[in-house]
Structure formats: structure tokens, C-alpha cells
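What follows is one structure encoded as C-alpha cells, with my remarks underneath.
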Amino acid sequence: MIKPDSGASYSEQLQVQLASGLAQMDLVVAEADQQKLVQYVTTLHKWNKTHNLTAIRNPEQMIGRHLLDSLSIANYIHGQTLLDVGSGAGLPGIPLALIKPHLNVTLIDSVLKKTRFMLFAASSLGLGNVTVKHARVESLIKEEGYDIIVARAFSSIDKLCEVTEHLLAPNGQIVAMIGKPLETEPGISALSVQLANGSEFTVTRSEKLFVPGETAQRNIVILQKGAV
């Protein structure tokens, strides 16, 4: 096995792995963007040695568990603006911003070292469509609202709806990436989410995600405010 620090040859190996995964997912991504996705992973690996941004230490595992996992929702993302809640190291926001340059992506996290990494990564990748905010999502003030609000492994779907409700654009959608299927979420039916304040979110889609090489369950739940 080639060591992560052995330079271009290892990056090429990672790119082959990424290209194979994208092909299995039927995602067409330009080679230049694939190279940038690998650059993002190698940058994350380097920062992770001292800043502990993710529990995944191996760049090869990052390809599947971070990049391909993030891109598994690419075909569900529509609209012009996206808010990535609790983005951490920029996942799924940075990979989505990279392959969807028309999409204006805002990354928010309350941990300073993570937002510093996201700022560095977005700048080094030349992502002019990315904004990074160091804050709790509850503190954000609604401006025009976001077409899509996405979260990866948030604490619970009802909590996600509660803290982001005020940030949704009219007809906007919440996209929750979760491990176990929706029906295992406590207190949530397969059709809707009821909030303590009386608001209702309708589940418009709930299905399994395919992430090449990953055996753990991955699911997506898409919600829209009100009855649909």
C-alpha cells in the first residue's frame, strides 16, 4: 500500500478510487473537479493530524465515507441556495459546491477550528460559491431563506426542523442524511414531523442511499414545511 505522504502517486490512486465510485453512482464529474475533490481529501488528511477534524484518519476511507457519501445526495439537490448545518469539515457542502458551481453554499459550524479549515479549503479550491459562518444555526437571522437545508448525521430530524424552520425559503426543503431508516426515529411517523410550536413538516421522500464500498446503512429524508 502506498503511504498517504508519498505524493502524486498516492493522489492518483485516490483519484482512481473516486472515479470508480462516481461511475457506480452514475455521477458525471469533470476530471478537473475530481482532482479538486482529491485535493480536498488530502488537505483534510493533513489538517486532521493536528486539528482532529474527523474520526476518519485514512484518505482512502475518506473517499468513501466523506466524498462519495456527500455526493450520494447530489441528484436530490435542486435550487440556487443551500445551507449545510453542522458542516464540520465541510461535508456535504464542499463536495456539492465543487460539482455544482451554480449552487451558492453556506457552511455553518459552531466549532472554530472546523470553520477555519472550511475557509482554508474553500479558498484553496477556488470555491467562490461558498460562504463559511462560525455560529450556531439557531442564531442565524433569516434573510431570503435557503432553497435547501442539509444536515449529515444531525441529532434528530425533529430537532433539525425545529432549529432551521426560520431559515427555509418558501417551498424550501430540508434534506436529512441519516443512518437508520426514518421509521426508527423516535416520535416520527412515516408521513410527517410535528413540532412543539405547532408547525408541521411533510416527508416528501424517504429512501436508501447507495455509497460504493460502504456497508453501513445510509438513508435520505426530504421534508417540506406544511401539507404538500
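The values are calculated or read from the model by the stated rules, or taken from the named source; none is laboratory data. Everything numeric here is computed off the predicted structure, so don't read it as measured data. FYI the Cβ positions are ideal-geometry reconstructions off the backbone, even for glycines, and counts take in every protein chain you see.
Return yes when Leu67 is under 18 Å from Pro212 (Cα atoms) and among the aliphatic types (A, V, I, L, M) and no when it is not. Yes.
Just to be sure before I move on: is Lys180 more than 21 Å from Val203 (Cα to Cα) and of a type in the set (D, E, K, R) in the structure I sent? No: the conditions fail for Lys180.
Scanning segment 156-206 for residues that are among the basic types (Lys, Arg) and without any contact (Cβ under 8 Å) to a residue 40 or more places away in the chain gives Lys159, Lys180.
With at pLDDT below 95, within 27 Å of Val38 (Cβ to Cβ) and not hydroxyl-bearing (Ser, Thr, Tyr) as the only criterion, which of Ala153, Ala122 stands out?
Ala153
Scanning segment 54-72 for residues that are more than 15 Å from the chain's Cα centre (by Cα), surrounded by 18 or more Cβ atoms within 10 Å (Cβ to Cβ) and assigned to a loop (DSSP other than H, G, I, E, B) returns a single hit, Ile56.
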